[in-house]
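Student: Once you've had a glance at the structure underneath, I'll fire off some questions.
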Amino acid sequence: MKKYGAEFFGTFWLVLGGCGSAVLAAAFPDVGIGLLGVALAFGLTVLTMAFAIGHISGCHLNPAVSLGLWAGGRFPGKELPPYIIAQVLGGIAAGGVLFLIASGHAGFDVSAGFASNGYGAHSPGGYSLPAALITEVVMTMMFLLVIMGATDKRAPQGFAPIAIGLCLTLIHLISIPVTNTSVNPARSTGVALYVGGWAVAQLWLFWVAPIVGGMLGALIYRFIGSEES
């Protein structure tokens, strides 16, 4: 239960910190943090939690990461359901807290997006469904490749959280204009449920693409990173 609690609170922090920066601070008058700030915020949530709970649960915070690590031979399949449930519940709880905070501002309109992920008319840059699908698959693939490599026993020890956090920052810098960046079904679900409508209707892509990409990245690393016999 301690592991599942760690995943719950870790994912809570990721969604509150990352999506919170987008909803509350990205365009704040005169001192908005913008795209760069939001990207950094997401990276910092993972970096800080990796140091805080990595030794408890592994700090997955993401169903695509858990499934990817399973595909890569680093995580037992029997742990997948409780990990994924804890992650999704953590994301939803964070979305609820963020909704309560954001609702305290006059003019708040959850239908405007609430940091939800989308494609087509709901892509920040108007990118199509195929573009969004490719982006989410490739970005999550590279994320798992970095995670697998940084946590390999042959890698420099103690630096994995930095590499993983910076990787997530880079992913957001690349893909916020395309999908608002998911690479994490729990992050997408945590805010989409409060928006409803289009956000829930498009949520399928932000489950399917990250999971496919995560498993691909893990399998690629399992091949290229295997020790020579």
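The values are calculated or read from the model by the stated rules, or taken from the named source; none is laboratory data. Predicted model, so just to flag it, every value in this text is computed and none were measured. Counting neighbours? That spans all protein chains shown, and the Cβs are built from the backbone with ideal geometry, glycine included. Surface accessibility is based on the protein's heavy atoms, side chains included, excluding ligands, DNA and RNA. Shrake-Rupley method; radii C 1.70, N 1.55, O 1.52, S 1.80 Å.
Student: Could you please find all residues in segment 131-159 being surrounded by fewer than 18 Cβ atoms within 10 Å (Cβ to Cβ) and β-branched (V, I, T)?
Tutor: Passing the criteria: only I134.
Student: Just give me the residues in segment 68-89 being open to solvent by less than 30 Å² (accessible area, probe 1.4 Å) and either hydroxyl-bearing (S, T, Y) or over 12 Å from the mean Cα position of the chain (by Cα) (or both), in sequence order.
Tutor: G68, L69, A71, G72, F75, E79, L80, Y83, A86
Student: Report whether or not A93 is surrounded by 14 or more Cβ atoms within 10 Å (Cβ to Cβ) and either in a helix (DSSP H, G or I) or free of Cβ contacts under 8 Å to residues at least 40 places away in the same chain (or both). Can you show your working first?
Tutor: Values: surrounded by 14 or more Cβ atoms within 10 Å (Cβ to Cβ): yes; either in a helix (DSSP H, G or I) or free of Cβ contacts under 8 Å to residues at least 40 places away in the same chain (or both): yes.
Taking the combined requirement at face value, the residue satisfies it.
Student: Right, next: Being of a type in the set (S, T, Y), farther than 22 Å from I33 by Cα and at pLDDT below 95 is the requirement here; does S226 meet it?
Tutor: yes
Student: A further question on this structure: Assess whether D109 counts as being in contact with a Gly (Cβ under 7 Å, 6 or more places away or on another chain), at pLDDT below 95 and farther than 16 Å from A186 by Cα.
Tutor: Criteria not met by D109.
Student: Could you run through segment 160-177 and say how many residues are more than 21 Å from I220 (Cβ to Cβ), within 15 Å of the chain's Cα centre (by Cα) and either open to solvent by 10 Å² or more (accessible area, probe 1.4 Å) or modelled with pLDDT under 95 (or both)?
Tutor: Residues in segment 160-177 being more than 21 Å from I220 (Cβ to Cβ), within 15 Å of the chain's Cα centre (by Cα) and either open to solvent by 10 Å² or more (accessible area, probe 1.4 Å) or modelled with pLDDT under 95 (or both): 4 in total.
Student: Which count do you get for residues in segment 96-112 that are open to solvent by less than 20 Å² (accessible area, probe 1.4 Å) and over 30 Å from Y4 (Cβ atoms)?
Tutor: So the count comes out to 0.
Student: One residue is enough: does segment 199-217 have a residue meeting the conditions within 15 Å of V15 (Cβ to Cβ), in contact with a Gly (Cβ under 8 Å, 6 or more places away or on another chain) and open to solvent by less than 10 Å² (accessible area, probe 1.4 Å)?
Tutor: Yes, that holds for at least one residue.
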